[in-house]
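Only one structure is covered here, and it is reproduced in the block below.
The values are calculated or read from the model by the stated rules, or taken from the named source; none is laboratory data. This is a predicted model, so every value here is computed, not measured. Heads up, the Cβs are rebuilt from the backbone with ideal geometry, glycines too, and the neighbour counts pull from every protein chain shown. Each accessible area value is taken on the protein alone, full model and side chains, heavy atoms only, with ligands, DNA and RNA left out. Shrake-Rupley method; radii C 1.70, N 1.55, O 1.52, S 1.80 Å.
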Amino acid sequence: KNEVEQSPQNLTAQEGEFITINCSYSVGISALHWLQQHPGGGIVSLFMLSSGKKKHGRLIATINIQEKHSSLHITASHPRDSAVYICAVTTSGSRLTFGEGTQLTVNP
Amino acid sequence: NAGVMQNPRHLVRRRGQEARLRCSPMKGHSHVYWYRQLPEEGLKFMVYLQKENIIDESGMPKERFSAEFPKEGPSILRIQQVVRGDSAAYFCASSRGLAGNSGANVLTFGAGSRLTVL
């Protein structure tokens with residue numbers, strides 16, 4: 001079993017829909033990261049959080065430390081949000097452990 | 001502030017050749033991390049360096065792979081005698097301090113170097 005599990009693996013939505021991507025982890029962490037990767041492109045760090053909730057534009061990330069679970073929400077989704085969203089956790093020291101990613105496709 | 005710069009963006013090598021990938025961290029960042037993304041797979045940690053020191057290389061293969069971050073110049077990931085299985089995207093990231101232990105230490109990723117071994 002992976003230390004970081006994401007669901008769903010693939011998600012297709014219509015423009016304007018509210019989207020949720022989930023991440024569960026099984027290890028102690030110092031922080032959780034949400035990353036975005038476009039096809040053939042680089043990786044953008046969206047959020048780093050260790051408690052509570054963060055919001056940036058149409059993106060919201062929450063984390064429940066007791067339940068070892070985080071969610072990434074996208075409100076009013078748009079085709080340009082289509083990308084792979086990756087959950088990663090910082091465990092001991094500096095090591096990042098990544099989930100397998102969620103492929104999001106938003107259709108116009 | 002140009003962000004994390006990686007070069008080359010694309011590199012083609014024949015089996016047995018050497019590959020050198022370079023990473024210049026963001027200005028003010030002294031912590032560098034290398035990750036590998038094999039085709040159709042997720043990202044995997046390889047190595048974490050600070051200036052002139054390897055802090056954690058537990059994710060790096062024991063043979064043929066080495067990394068350095070000299071006092072001057074970029075961090076370099078070196079792969080000797082490349083094999084087809086080394087074909088992957090190699091991403092570098094940097095942070096001001098230890099990533100994850102403070103809100104100030106957000107990771108910034110480079111665009112990646114895509115290695116193809118023929």
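Some notes on this structure:
- Top-ranked residue of region A:30-39 - restricted to ones that are assigned to a loop (DSSP other than H, G, I, E, B) and either more than 8 Å from chain B (Cβ to nearest Cβ) or within 24 Å of B:Tyr90 (Cβ to Cβ) (or both), ranked as most open to solvent (accessible area, probe 1.4 Å): A:Pro39
- Residue within region B:104-111 that is closer than 25 Å to A:Val84 by Cβ and outside any loop (DSSP other than H, G, I, E, B) present: yes
- Among residues of region B:22-45 that are facing another protein chain (nearest Cβ under 8 Å) and without any contact (Cβ under 8 Å) to a residue 12 or more places away in the chain, those with a beta-carbon under 7 Å from a residue that is open to solvent by 50 Å² or more (accessible area, probe 1.4 Å) and of a type outside the set (S, T, N, Q) at least six positions away or on a different chain give the pairs B:Gly42/A:Glu100.
- Sole exception among (1) away from chain A (no Cβ under 14 Å); (2) open to solvent by 20 Å² or more (accessible area, probe 1.4 Å) for B:Val117, by number: (2)
- Once region A:63-90 is narrowed to residues that are within 14 Å of A:Cys23 (Cβ to Cβ) and touching a residue at least 60 places away in the same chain (Cβ under 8 Å), the residue that is farthest from the chain's Cα centre (by Cα) is A:Thr90.
- Only residues that are under 19 Å from B:Glu57 (Cβ atoms) and open to solvent by 40 Å² or more (accessible area, probe 1.4 Å) were counted in region B:1-29, giving 3.
- Whichever residue in region B:1-29 is assigned to a loop (DSSP other than H, G, I, E, B) and within 14 Å of the chain's Cα centre (by Cα) and, among such residues, is farthest from A:Ser45 (Cα to Cα): B:Pro8
- The strands (runs of 3 or more DSSP E) found wholly in region A:42-108 and carrying at least 2 residues that are in contact with a Cys (Cβ under 8 Å, 6 or more places away or on another chain) occupy A:69-74.
- For region B:61-78, the count of residues that are more than 10 Å from the chain's Cα centre (by Cα), modelled with pLDDT of 90 or more and aliphatic (A, V, I, L, M) is zero.
- All positions within region A:71-108 that are open to solvent by 30 Å² or more (accessible area, probe 1.4 Å), in contact with an Asp or Glu (Cβ under 7 Å, 6 or more places away or on another chain) and farther than 23 Å from B:Val106 by Cα: A:His78, A:Pro79, A:Asn107, A:Pro108
- For the condition free of Cβ contacts under 8 Å to residues at least 24 places away in the same chain, in contact with a Gly (Cβ under 7 Å, 6 or more places away or on another chain) and within 13 Å of another protein chain (Cβ to nearest Cβ), A:Gly42 qualifies.
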